[in-house]
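The structure appears below as structure tokens.
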Amino acid sequence: MGTVLDFLKEYGRYSFREMAMTEVDSLALCQLSYLKFDGMVPGVKENGSSVTLKSLREHPDYEKLFADVRYEQENRALVEGMLAGKRFRNLKLNCYVNFIEKEWETQFSAITFILSDGTVYVAFRGTDETIVGWKEDFNMAFLSPVPGQAYSVEYLNTVASRILCPFYVGGHSKGGNLAVYSAMNCRPEIQERIVGIYSLDGPGFRPEVLEKCNYGRIADRVRKILPHSSLVGMLFESNQNYQVVESRTFGLAQHDPYTWLVEGDHLRHVDELCERRKRSDDTLNKWILSLDEEQLRTFVDTLYQVISASRADNLIELTAEWKKSMNRIVTALREVDEETTEVLKTVIKALFEIAGASMKEEMAKNTQNVIAGTKELVKQSKTILSRRKA
């Protein structure tokens with residue numbers, strides 16, 4: 001049993017004509033959308049010719065693809081795995097868009113992949129490492145619609161009007177929410193061509209949004225996949241219409257799809273979410289749904305102010321200087337009422353767990369080294385003392 005990287009080694013030799021799209025392929029493409037393709041893939045406004053994944057290896061800016069240091073090693077392995085087999089080697093990329101609007105609290109990125117069997121996969125990038133991106137995540141879940149959702153509909157309509165093929169749409173985290181939202185709200189003739197919609201641990205929607213956008217028109221094509229211990233994907237998830245997969249890690253670090261276990265050509269499914277996590281998610285959702293729009297907006301703004309007190313621009317800085325970040329955050333929390341503080345603590349803990357899983361492992365190793373060193377020091381001290389007594 002392995003991960004998406006092992007899947008590429010085992011099944012990369014099959015083209016999409018020989019083996020149809022799987023949920024693991026969808027995961028791979030959603031992860032690929034996180035790479036920084038700026039200047040390497042034609043923009044959505046250019047209407048230029050597609051480039052192949054293989055051709056990017058020769059691009060002078062190739063190393064810039066891996067600018068996100070959180071997952072640099074995994075992302076490099078993903079690209080190498082895709083290039084090693086014929087399944088993705090000649091994958092075509094086009095219509096890239098990536099921008100951040102701090103004023104409008106928007107971080108939006110999407111890319112279109114053209115597969116070897118002629119189908120298309122429209123992938124929306126999830127939350128990147130910026131704090132602005134994380135605020136938009138909560139804006140999206142609590143205060144829909146937000147600018148990023150409007151951009152996703154415009155993007156899907158534009159791409160699907162140019163490339164007249166059956167297509168999939170998907171994304172991880174916020175990207176999963178954008179995939180479902182754009183599919184609900186795109187033009188009817190485009191909606192009919194959608195083969196499948198993948199939301200990989202993506203936030204859900206308030207009930208009134210699902211009703212207004214007529215979610216029922218696409219419900220049978222949505223595949224929502226959650227890890228065993230999900231927080232982000234369980235926001236506003238009440239209809240139980242999701243599948244749960246096993247992860248090789250624990251807690252909220254399972255938000256990282258590189259930890260999701262693969263068995264054969266599919267993800268390893270389990271019966272249900274972790275019971276303790278599910279109770280926490282249900283409590284959070286009930287609390288959110290009990291608030292009106294003004295209260296929700298105040299909560300999200302307060303969350304942003306508290307996290308911004310860390311003075312970090314992104315999650316890498318937030319976790320790298322975690323002691324300073326936490327001290328400043330704790331100080332900011334003193335200005336917030338008790339009930340809101342408890343919810344904020346849950347959310348902030350999630351951000352640290354999701355962004356700092358590898359750091360925790362490193363800290364654990366360091367702790368073990370310190371313990372071992374201390375034991376050795378005590379042992380040496382006892383030896384010296386015993387010699388002196390003699």
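The values are calculated or read from the model by the stated rules, or taken from the named source; none is laboratory data. Source: prediction; values computed, not measured. Positions of Cβ are generated from backbone atoms using ideal geometry, with glycine treated the same way; all protein chains shown enter the neighbour counts. These accessible areas exclude ligands, DNA and RNA; they are computed on the full protein's heavy atoms, side chains included. Shrake-Rupley method; radii C 1.70, N 1.55, O 1.52, S 1.80 Å.
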Original post:
Restricting attention to the stretch 33-70, and to residues there that are part of a loop (DSSP other than H, G, I, E, B) and of a type in the set (Gly, Ala, Ser), which single residue is farthest from MET82 (Cα to Cα)?
Top reply: GLY48
Original post:
Hey, does the stretch 180-191 have a residue that's part of a strand (DSSP E or B) and either modelled with pLDDT of 85 or more or not polar (S, T, N, Q) (or both)?
Top reply: no
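Could we say that VAL195 is open to solvent by 20 Å² or more (accessible area, probe 1.4 Å), in contact (Cβ under 8 Å) with a residue 60 or more places away in the chain and closer than 24 Å to LEU115 by Cβ here?
Spelling it out, VAL195 is indeed open to solvent by 20 Å² or more (accessible area, probe 1.4 Å), in contact (Cβ under 8 Å) with a residue 60 or more places away in the chain and closer than 24 Å to LEU115 by Cβ.
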Original post:
Here is a list of conditions, (1) out of contact with any helix residue (DSSP H, G or I) (no Cβ under 9 Å at 6 or more places or on another chain); (2) closer than 23 Å to MET21 by Cα, and GLU58 meets all of them except one; can you say which number that is?
Top reply: (2)
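Listed here are the residues, each with its yes/no results for (1) more than 24 Å from ALA160 (Cβ to Cβ); (2) not basic (Lys, Arg).
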site	(1), (2)
ILE197	no, yes
PHE205	no, yes
GLY233	yes, yes
ARG248	yes, no
HIS266	yes, yes
Subject >> Residue among GLY170, GLY202 that is crowded, with 24+ Cβ neighbours inside 10 Å and in a loop (DSSP other than H, G, I, E, B) >> reply: GLY202
Subject >> Residue list for the stretch 9-32, restricted to those being assigned to a helix (DSSP H, G or I), out of contact with any Leu (no Cβ under 7 Å at 6 or more places or on another chain) and open to solvent by less than 10 Å² (accessible area, probe 1.4 Å) >> reply: ASP25, SER26, LEU29
Original post:
Among the listed residues TYR215, TYR181, which satisfies the condition of being surrounded by fewer than 21 Cβ atoms within 10 Å (Cβ to Cβ) and hydroxyl-bearing (Ser, Thr, Tyr)?
Top reply: TYR215
Original post:
Quick one: is ASN90 touching a residue at least 60 places away in the same chain (Cβ under 8 Å), assigned to a loop (DSSP other than H, G, I, E, B), open to solvent by 50 Å² or more (accessible area, probe 1.4 Å) and touching a Lys or Arg at 6+ places or on another chain (Cβ under 8 Å)?
Top reply: no
Original post:
Between a first residue in the stretch 19-44 that is under 19 Å from ARG162 (Cβ atoms) and a second residue that is charged (D, E, K, R) and assigned to a loop (DSSP other than H, G, I, E, B), which pairs have beta carbons less than 6 Å apart while being 6 or more apart in sequence or on different chains?
Top reply: SER33/ARG125
**OP:** Within the stretch 50-69, identify whether any single residue is surrounded by fewer than 18 Cβ atoms within 10 Å (Cβ to Cβ), within 16 Å of the chain's Cα centre (by Cα) and free of Cβ contacts under 8 Å to residues at least 12 places away in the same chain, and answer yes or no.
**Re:** no
